[in-house]
Number of protein chains: 2
Amino acid sequence: MLLALMGGKALTATELSLEAGTTAQTASSHLAKLVSGDLLLVRKQGRHKYFQLHNYEVAQMLEGLLNMSANKKPIEVPTGPKDPSLRNARVCYDHLAGKIGVDLYSSLVSNNYLYDNKDTALLTDSGKQLFSAFGVNLQELEQKKRPLCKACLDWSERKSHLGGSLGKWVLDEILSNKWAEREPDSRVLRFCDTGLNQLKSKYKMA
Amino acid sequence: MLLALMGGKALTATELSLEAGTTAQTASSHLAKLVSGDLLLVRKQGRHKYFQLHNYEVAQMLEGLLNMSANKKPIEVPTGPKDPSLRNARVCYDHLAGKIGVDLYSSLVSNNYLYDNKDTALLTDSGKQLFSAFGVNLQELEQKKRPLCKACLDWSERKSHLGGSLGKWVLDEILSNKWAEREPDSRVLRFCDTGLNQLKSKYKMA
DNA sequence: CCGATGCTTCGATGTGCATCGAAGCATAAG
DNA sequence: CTTATGCTTCGATGCACATCGAAGCATCGG
């Protein structure tokens, strides 16, 4: 299971139990031990529990163990839907998900606009400046019950994308600018070329 | 036991069993497994068996594991005699042992005069040049049954010092030059200051 | 509200494995 | 030679722990 998590993705308990070739009960007890031993951390999302390696040290330790053992390759676990367009960009409730959403999130983090702490996400000072300059009324959003930023675990990518009221604002902007449009009866978001470029330049995505 | 071996010293099975707090039998079975799993390697020396970590990868792997565990410090196992002069320099059969012997050996290796392969030691080409220039008749020594060079595990330091006929030659030279003299009824070698300096400069010891 | 899904807790079962006593073998020391 | 030391093999014992069925709880979807 740890091997499967070496891919960097967060996986559910059931996925991990299948990977390990055991029942869900067995996997559950092992995962509980791994969590209590601070090797893994959990993100509970609805009825799912997503597990991921606790930090870089754990990965490093496993790396060392893998070096010793015979089969050296980490395992790639296929996740999410097969439909490529659904994997690429889609709506998660009211915010952007899929590969593009994850890319956006990691850009915000690497450009120091967003502080990522696994479960939570916080706007940095320069992040607040950025979105204020975009015309976002941060004070108004912060007064609501709903958190401004949320690290939401992406279904297909298994990494964080941006949720919360700010995530909603981003998606609203994408739709109102016609950078992308929703497919009817589907969660798929279809970006047009110019729209995608606009998004990328606006958020300094690689 | 692995933790105890992280100090870099080679330890005997009994020492390791004491360290682990088990009987000799238990330790023996564990050590056999560790050896067959290529985590450790053994050097049999008389009735003793000296164990040490197999290579750098193992140490790295353990390092990673230690990072995770609570007590982070490798253990120092006291070895050999308490008498400081005995630890510093002594005779091992007919060659130099103790701290100075180990230092000499590692100098030869780091200056590329000697090729160290854990159990065995071989003179490199430049090593052959060096000792030939010192007046050693290598061809004569190589014809004897006894190996020219031997990596002999040091009792107190638990690292290699130089044995074999070349090791004997080195000690003979030390004694004939009066760089050191043997204490009566003891294996202690007592170097004089100038003698030690001569030795160090001759073999480019740090 | 109901069924389905995801996960956990409880309890029982079996086995793998560490542990050690006793005996055996090799080497060293006297 | 004999005795002591270091290590291993064999065999018996017992515990720890993985495993899974069954039941329970929470969440989702209709």
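Under 10 Å, Cα contacts only: if you run a Gaussian network model on chain B, which one of B:C92, B:C192, B:C152 comes out with the highest mean-square fluctuation?
Result: B:C192 has the largest fluctuation of those listed.
At a cut-off of 40 Å², which residues of region B:26-73 become less accessible once all protein chains are present than in their chain alone, using a 1.4 Å probe?
Residues of region B:26-73 that lose at least 40 Å² of accessible area once the other chains are added: B:M61, B:M68.
For label points placed 7 Å from Cα toward Cβ, what is the shortest-first list of nm distances from A:A32 to its copies?
3.8
For chain B, what does -39500 (n - 2.57) per DSSP helix run (n ≥ 4), summed and divided by total residues, give at 222 nm, in deg cm²/dmol to the nearest 500? Write out the running numbers ahead of the final one.
Values: 10 runs with 93 residues, N = 206.
Result for chain B: -13000 deg cm²/dmol, rounded to the nearest 500.
Keeping every protein chain present and rolling a 1.4 Å probe, give me the accessible area per residue for chain B in Å².
Working: 11450 Å² over 206 residues.
Accessible area per residue, chain B: 56 Å².
Filter the trypsin sites (Lys or Arg not before Pro) in region A:152-206 to those in DSSP coil with at most 12 other Cβ atoms within 10 Å of their Cβ, and list the result. Walk me through the numbers before you get to the answer.
Details: sites: A:R158, A:K159, A:K168, A:K178, A:R182, A:R187, A:R190, A:K200, A:K202, A:K204; in loops: A:R158, A:K159, A:K178, A:R187, A:K204.
Hits after loop and neighbour filter: A:K178, A:K204.
With just the Cα atoms defining each centre, how far is region B:91-125 from region B:16-67? Give it in Å.
23
What residue of chain A sits with its beta carbon nearest the rotation axis taking A to B, and at what distance in whole Å?
A:G64, 2
Can you give the charge dipole size of chain A about its Cα centre, rounded to the nearest 20 debye, using +1 on the beta carbon of Lys and Arg and -1 on the beta carbon of Asp and Glu?
On the way: 28 positive and 22 negative charges, 46 e Å.
Dipole about the Cα centre, nearest 20: 220 debye.
At the nearest 100 Å², what buried accessible area, both sides summed, do you get for B and A when the probe is 1.4 Å?
Details: alone 11760 and 11740 Å², together 22860 Å².
That pair of chains buries around 600 Å² in total.
How far, in nm, would the chain grow between B:Q25 and B:N112 when pulled straight, counting 0.36 nm per residue and subtracting the alpha carbon separation?
On the way: separation 87, 0.36 × 87 = 31.32 nm, distance 4.10 nm.
This chain segment gains 27.2 nm when fully extended.
Under a 10 Å cutoff between Cα atoms, tell me which one of A:T124, A:T23, A:T14 has the largest fluctuation in the Gaussian network model of chain A.
A:T23
Are there GluC sites (Glu not before Pro) in region A:1-108 that DSSP marks as loop and that have at most 10 other Cβ atoms within 10 Å, and which are they?
Working: sites: A:E15, A:E19, A:E57, A:E63, A:E76; in loops: A:E76.
When the GluC sites (Glu not before Pro) of region A:1-108 are filtered for loop state and at most 10 Cβ neighbours within 10 Å, A:E76 remain.
Taking every pair of alpha-carbon atoms in region B:84-202, what share in percent sits in each 10 Å bin, from 0 to the bin with the longest distance?
14, 49, 33, 4
Using only the alpha carbons of region A:2-68, what is the convex hull's orientation-averaged projected area in square nanometres?
Working: hull surface 17.8 nm².
Mean projected area of the Cα convex hull: 4.5 nm².
Can you pull the Kirkwood radius for the protein assembly as shown, inverse mean 1/r over Cα pairs, to one decimal in Å?
Numbers: mean 1/r = 0.0370 Å⁻¹.
Result for the protein assembly as shown, one decimal place: 27.0 Å.
Placing one identical point scatterer on every Cα of region A:26-110 and ignoring solvent, what is log10 I(q)/I(0) from the Debye formula at q = 0.10, 0.15, 0.19, 0.20 Å⁻¹?
With one equal scatterer per Cα and no solvent, log10 I(q)/I(0) is -0.39, -0.86, -1.17, -1.20.
Taking a label point 7 Å from Cα toward Cβ, how far is A:L18 from its twins in the other copies, in nm, shortest first?
So the label point of A:L18 gives 5.5 nm to the other copies.
Note the direction-averaged projected area, equal to a quarter of the hull surface, for the Cα convex hull of chain B, in nm².
Numbers: hull surface 53.2 nm².
Mean projected area of the Cα convex hull: 13.3 nm².
Go through B:V170, A:V102, B:Y93 and say which Cα lies farthest out towards the positive end of the charge dipole of the protein assembly as shown; charges sit on Cβ, +1 for Lys and Arg, -1 for Asp and Glu.
So the residue furthest toward the plus end is B:Y93.
Can you give me the % of accessible surface on region B:67-206 that is carbon or sulfur? Probe 1.4 Å, all protein chains present, nothing else counted.
Working: 3970 of 7940 Å².
On region B:67-206, the fraction of accessible area on carbon and sulfur atoms equals 50 percent.
Considering only Cα-Cα distances, which of the following residue pairs are longer than 30 Å: A:K44/A:K202; A:K33/B:K44; B:K33/B:K204; B:K49/B:K204; A:K49/A:K168; A:K49/A:K144? Walk me through the intermediate numbers first.
Details: A:K44/A:K202 32 Å; A:K33/B:K44 41 Å; B:K33/B:K204 41 Å; B:K49/B:K204 32 Å; A:K49/A:K168 24 Å; A:K49/A:K144 27 Å.
Those over the limit are A:K44/A:K202; A:K33/B:K44; B:K33/B:K204; B:K49/B:K204.
The values are calculated or read from the model by the stated rules, or taken from the named source; none is laboratory data. Not measured: the values here are computed from a predicted model. When we count neighbours, we look across all protein chains shown, and the Cβ atoms used for this are built from the backbone with ideal geometry, even at glycine. In case anyone asks, the SASA skips ligands and DNA or RNA and just uses the protein heavy atoms, side chains included. Shrake-Rupley method; radii C 1.70, N 1.55, O 1.52, S 1.80 Å.
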